[in-house]
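Enquirer: My questions all concern the structure below.
The values are calculated or read from the model by the stated rules, or taken from the named source; none is laboratory data. This structure is a prediction, so every number in the text was calculated from the model and none was measured. Cβ atoms come from the backbone with ideal geometry, glycine included; neighbour counts cover every protein chain shown. For accessibility, only protein heavy atoms count, side chains too; no ligands or nucleic acids. Shrake-Rupley method; radii C 1.70, N 1.55, O 1.52, S 1.80 Å.
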Amino acid sequence: MNELTGRKIMKKELPENINLSEALHFPAMLVEREQACCQRCGSVHPVAAVEMAPHHYYCPACLQLGRVDSKEVFYHRPENQGPAREVVFEWSGELTAGQQTVSDWLQKIAVEKRKGMIWAVTGAGKTEMLFETVHALLSRGARIGLASPRVDVCLELYPRLKAVFPKEDIMLLHGEAEAPYRYTPFVLCTTHQLLRFYQAFDLLIIDEVDAFPYVNEPVLQYAAEQAVKRTSALIYLTATPTKQLLGQVDKKILEMIVLPARYHRRKLPIPQLKSCFRWRKQLEEKRLPKELVDCIKSLMEKNNVLLFCPSIVVLNKIYQLIVAQLPNISAASVHSKDEKRSEKVLQMREKKFRLFLTTTILERGVTFEQVSVIVIGSEHSVFSESVLVQIAGRVDRKKDFTSGEVWFLHDGKTKPMRQAVKQIKKMNALAEKRGLVDELCLLSTANNQSSINQ
Ligand SMILES: [Zn+2]
């Protein structure tokens, strides 16, 4: 029966021998006034559009988790507060003053069961800020969910959480996970998997709340709202909150705390804008724009370079020209349709390439040491303010300072470019005002860095 606790599951999704006599159940779809409402994902459809057979309807919106139809029921067992218990917590790191403030705030919000958002800049070290709260709540017998729209984020978080909570059984759920579901007080999952939970969590944390697909998918937002208990805490984490989320803060629906500084106490690198006139036409004529080549060569004197391209077509064109015209540079490229994506990202982490071309798939969730960043065609509509802030945030994430730089090469400045720069400068100013940054950058270029920043 534990499979059903805090969940809503159809019979066909359950092991065959399970006894359902004590389980609660409710219809999988409600059909009323020519409309069919899915009880898993909350979507409402006109009956005519979703009729499989006479008076038999299905939900197309959450089909990827298995079909919900009007002949099915959901089985559920209410979640009770677990007993207080001892939770082994092995973390020897130390939070910075800024991180500690956020950690204390989070713990208060979680205990008082409120709704909040942590706006922490890229590279702030947000995972570490969750540890104390997770420990405190698990010890009280609470059930905790940590969800991300991105499976790669979940996969990266899992070993880190296991290291900090070594005795804790953590269920990792995502679309390709092979382990069968089991009840655990601590669940790490993609936001899609929240659709199978119902009033389960005392605390639910959604990481990268502004990331695709969560940000423009009402079904996933519904999933989060109904996966938590009626009185519970719901926390969003982001480095680039959407206008909609900030609107909720203005309306006092959400409480917010801002961490404007990185854990290593250096300011965020400010993107530099440089005109790259008619770069697209030059590529068509099989020429690499001079500004791009100069920028790559100059940045490569100190660091490896991540080159963000607005599309796979542009990426392929530039990659072919670089291989042909700059054969001395060890370059590789990666995009969403690349089967060797994970392998190449790992190789780049190991510094096997000096130049790594990518699309926006690497805008967030990855950390490379010793990189500078170039965005070619930063005027393209794919580069929104938040995408540009995230991309700029790939630079200078590690403790050792490497003079990483961020360059936007453009054929005409855009509002998102200007706003991204403005947002980064605003965060730096706030960090300075709060005494959360040191002026180490100037010192660092003149001295051996590792001795300064340790
Ligand atoms: Zn549905």
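Enquirer: Would you calculate the volume per residue, in Å³, of the smallest convex hull containing every Cα atom of the chain?
Expert: Hull volume over Cα atoms, normalised by residue count, gives 174 Å³.
Enquirer: Further, regarding this structure: How much length is gained on full extension from residue 176 to residue 63, taking 0.36 nm per residue of separation minus their Cα-Cα distance?
Expert: 39.1 nm
Enquirer: Next question. Compute the relative contact order of the chain as a whole-number percentage, counting only Cα pairs closer than 8 Å that sit 6 or more residues apart in sequence.
Expert: This gives 15 percent for the chain.
Enquirer: Leaving ligands, DNA and RNA out of it, report the carbon-plus-sulfur percent of the accessible area of the stretch 97-259 at a 1.4 Å probe.
Expert: Carbon plus sulfur share of accessible area: 55 percent.
Enquirer: Give me the percent of the accessible area of the stretch 272-452 that comes from carbon and sulfur atoms, probe 1.4 Å, all protein chains in place.
Expert: So the carbon and sulfur contribution to the accessible surface is 49 percent.
Enquirer: Helix 126-139 versus the longest principal axis of the chain: what angle, 0 to 90°, nearest 10, using Cα atoms?
Expert: Result, in degrees: 20.
Enquirer: Just to confirm my numbers, what's the Cα centroid distance between the stretch 355-383 and the stretch 1-47 in Å?
Expert: Comparing the Cα centres of the stretch 355-383 and the stretch 1-47, I get a distance of 42 Å.
Enquirer: May I ask you to order 146-155, 195-204, 17-26 by the average number of other C-beta atoms within 10 Å around their residues, highest value first?
Expert: Put in order of decreasing packing, that is 195-204, 146-155, 17-26.
Enquirer: Of 302/337; 113/426; 297/352; 113/425, which pairs sit farther than 26 Å apart, going by alpha carbon to alpha carbon?
Expert: 302/337; 113/426; 113/425
Enquirer: Compute the distance from the alpha-carbon center of the stretch 114-149 to that of the stretch 190-231, in whole Å.
Expert: 14 Å
Enquirer: To continue, here is another question. Order these peptides, 9-16, 48-55, 316-323, by their mean beta-carbon neighbour count within 10 angstrom, highest first.
Expert: Highest mean packing first, the order is 316-323, 9-16, 48-55.
Enquirer: Ranked from highest to lowest mean number of other Cβ atoms within 10 Å per residue, what is the order of the peptides 299-306, 138-145, 272-279?
Expert: Highest to lowest by the protection proxy: 138-145, 299-306, 272-279.
Enquirer: Also, I was wondering about something else. As a check on your grasp of the helix formula, calculate [θ] at 222 nm for the chain: sum -39500 (n - 2.57) over DSSP H runs of n ≥ 4, divide by the residue count, round to the nearest 500.
Expert: -9000 deg cm²/dmol
Enquirer: Label residue 434 and residue 230 with points 7 Å out from Cα along Cα→Cβ: what is the distance between them in nm?
Expert: Between residue 434 and residue 230, the label points sit 3.6 nm apart.
Enquirer: Continuing with this model, one more query. Accessible area of the stretch 2-76 with a 1.4 Å probe: how many percent of it is carbon plus sulfur?
Expert: 49 percent
Enquirer: In whole Hz, what ³J(HN,Hα) sequence does the stretch 390-398 give by Karplus (6.51, -1.76, 1.60; θ = phi - 60°), x for Gly and Pro?
Expert: Calculated HN-Hα couplings, in order: 5, 4, 4, x, 6, 9, 6, 8, 8 Hz.
Enquirer: Rolling a 1.4 Å sphere over the protein heavy atoms, what is the accessible area per residue of the chain, to the nearest Å²?
Expert: In whole numbers, the chain has 47 Å² accessible per residue.
Enquirer: Just check the stretch 302-350 against the gyration tensor rule for me: Cα atoms, a ≥ b ≥ c as the square roots of the eigenvalues, rounded for a/c under 1.5, and otherwise prolate or oblate depending on whether a/b exceeds b/c.
Expert: Cα axes put the stretch 302-350 in the oblate bin.
Enquirer: Here is a further query. In the stretch 97-259, how does Rg compare with the Kirkwood Rh, expressed as the Rg/Rh ratio over alpha carbon atoms?
Expert: When Rh is taken as the Kirkwood radius, the ratio is 0.92.
Enquirer: At 7 Å along the Cα-to-beta-carbon direction for both residue 92 and residue 12, put a label point, then send me their distance in nm to one decimal.
Expert: 5.2 nm
Enquirer: Using a 1.4 angstrom probe on the protein heavy atoms only, line up 396, 411, 250 by accessible area, largest first.
Expert: From most accessible down to least: 250, 411, 396.
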